[in-house]
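Written below as C-alpha cells is the structure these notes are about.
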Amino acid sequence: MKSTAISAILLFAALTAWGDQKAPEAVEKQAEELPETWFPNVDGFATKGEFIDLSAPEKGRLYIRYGAYYDSGVEVEKVDGAGKVVWRYQMERLGVAHKKYRHEVRARIDGKNIRVTSVGVKRINEVIDLATGKKVSRTIIESEP
C-alpha cells in the first residue's frame, strides 16, 4: 500500500513538473521564427547601426542595421526592456550590381508602425507593425536620373 501511494505521489510530481516545460517542437519553432542576423558586427563605417529607444508602454529599443556602401537590405530588431529580442525583420535587398554605392536609411515611429526608408539606387519605403514585426506595406520608387 505504501509503495502505491509513493508511486502516485512521484507520478503526480513528474506530471506537474513536465507541465511547466515546453514541448521540444515548440522551442524549435520559436527559434526558427527568429531569422539569423545579417549583421553580427557593426563597425560604424561599412556597417551602420542605429537605435530608437521605445517609451512606455512598449519600452525596450529598436535596432536598425544596414551596409553603408553595399546593397545590404535593412534589418530592424525589437528588444524588450530586459534585452531579449522580441522580433527581427529583414527588408529585402534590391539585388543591384554596382561598384560605387551609397546606402542611407531613415526610420521613425509613426503610431503603431515603424516607417523605414532605404535610399540607394532605388528608394524603398516599408511600414512594419511595431508590435509584431510584420510587414504592413512595401513601395519601391525608381531613382531620378
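What the table below lists for this structure:
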quantity	calculated
Residue identified as in contact with a His (Cβ under 8 Å, 6 or more places away or on another chain) and crowded, with 18+ Cβ neighbours inside 10 Å among Gly73, Gly67	Gly67
Qualifying residues in the stretch 72-109 (those that are in a loop (DSSP other than H, G, I, E, B) and within 20 Å of Ile52 (Cα to Cα)) - the one modelled with the lowest pLDDT	His103
Residue match in the stretch 91-100 (condition: of a type outside the set (A, V, I, L, M) and over 21 Å from Phe45 (Cβ atoms))	yes
Neighbours by Cβ (under 8 Å, 6+ apart or cross-chain): first from the stretch 43-54, closer than 15 Å to His103 by Cα; second among the aliphatic types (A, V, I, L, M) and part of a loop (DSSP other than H, G, I, E, B)	Phe45/Ala68; Ala46/Ala68; Thr47/Ala68; Lys48/Val42; Lys48/Ala68; Gly49/Val42
Residue ID - surrounded by the most Cβ atoms within 10 Å (Cβ to Cβ), chosen from residues in the stretch 113-136 that are closer than 24 Å to Asp80 by Cα and among the small types (Gly, Ala, Ser)	Gly133
Hits in the stretch 110-127 - residues which are part of a loop (DSSP other than H, G, I, E, B) and polar (S, T, N, Q)	none
Odd one out for Gly49, checked against (1) part of a loop (DSSP other than H, G, I, E, B); (2) in contact with a Lys or Arg (Cβ under 6 Å, 6 or more places away or on another chain); (3) not hydroxyl-bearing (Ser, Thr, Tyr)	(1)
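Okay, residues lined up against (1) on the phi > 0 side of the Ramachandran plot; (2) without any contact (Cβ under 8 Å) to a residue 40 or more places away in the chain:
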position	(1), (2)
Arg65	no, yes
Tyr69	no, yes
Val96	no, yes
His103	no, yes
Val116	no, no
Asp129	no, yes
Gly133	yes, no
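The values are calculated or read from the model by the stated rules, or taken from the named source; none is laboratory data. Given the structure is predicted, the values throughout are model-derived calculations rather than measurements. Cβ: placed from backbone, ideal geometry, glycine included. Neighbour counts: every protein chain shown.
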